[in-house]
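Read through the structure below, which is laid out as structure tokens, and then see the notes.
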Amino acid sequence: MNIEQLFRQHYRPLCIYAVHFLGDIDTAEDVVMDCFVRFAEKTDNGEELAAPKSYLYSMTRNACLDHIRRDPFSNTTSADTELANLTADDNELQERSEREARLWTEIDNLPEMCRRVFLMSKRDGKRNSDIADTLGISIKTVEAHMHKAYTTLRGRAKAIYLLLLQL
């Protein structure tokens, strides 16, 4: 698998994985991008890696921990750092990150208005009446968009839908 395919397949899950350590999406994206650059440099120099996915996750975890140690203004708490040091939970965290990435991909594929309503409700925590006022639509329309989002996501993947219940 070449670097472009690895990037397309693993960038989003790795970013979500990094957010669990760093607590900030922008910093996580920077860290993951740096890891991909270093990974590309290694493979361009002819280094063969037997398990590139595992290697990328290890690089990302280590880069996140380095960032936490170096950054005095880090958003992470000591509990986050303790979590980062628990390698036994790392596989579970990787799997969770991959599930979350699939969820976000499916959310991105919802129709525009349906996605906006869904995100305003779930991500932003807005009530249906507030969403209706903001978007200039009726509460019934908001409810219809939410129903459509849940139905669509439930139909695409049961595991993703179960993840939604945890939000």
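For this structure, a couple of remarks:
- Among residues that are among the polar types (S, T, N, Q) and surrounded by fewer than 15 Cβ atoms within 10 Å (Cβ to Cβ), ASN128 is not included.
- Taking the criterion of being under 13 Å from PHE7 (Cα atoms) and either acidic (Asp, Glu) or open to solvent by 40 Å² or more (accessible area, probe 1.4 Å) (or both), the residues of the range 22-54 that qualify are GLU29, MET33, ASP34, VAL37, ARG38, LYS53.
Each row is one residue, and each column tells you yes or no for (1) in contact with a helix residue (DSSP H, G or I) (Cβ under 8 Å, 6 or more places away or on another chain); (2) hydrophobic (A, V, I, L, M, F, W, C); (3) touching a residue at least 24 places away in the same chain (Cβ under 8 Å).
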site: LEU93; (1), (2), (3): yes, yes, yes
site: GLU98; (1), (2), (3): yes, no, yes
site: CYS114; (1), (2), (3): yes, yes, yes
site: VAL117; (1), (2), (3): yes, yes, yes
site: GLY125; (1), (2), (3): no, no, no
site: SER129; (1), (2), (3): yes, no, no
site: ALA132; (1), (2), (3): yes, yes, no
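- If you go through the range 131-149 and keep only what is of a type outside the set (Val, Ile, Thr) and either open to solvent by 50 Å² or more (accessible area, probe 1.4 Å) or farther than 21 Å from TRP104 by Cα (or both), you end up with ALA132, ASP133, LEU135, GLY136, SER138, LYS140, GLU143, ALA144, HIS147, LYS148.
- Looking across the range 101-121, the residues that are under 30 Å from LEU56 (Cα atoms) and either touching a Cys at 6+ places or on another chain (Cβ under 6 Å) or open to solvent by 30 Å² or more (accessible area, probe 1.4 Å) (or both) come down to ARG102, TRP104, THR105, GLU106, ASP108, ASN109.
The values are calculated or read from the model by the stated rules, or taken from the named source; none is laboratory data. The shown structure was predicted, so the numbers you read here are calculated from the model rather than taken from an experiment. Heads up, the Cβs are rebuilt from the backbone with ideal geometry, glycines too, and the neighbour counts pull from every protein chain shown. Just the protein is used for accessible areas: all its heavy atoms, side chains included, with ligands, DNA and RNA removed. Shrake-Rupley method; radii C 1.70, N 1.55, O 1.52, S 1.80 Å.
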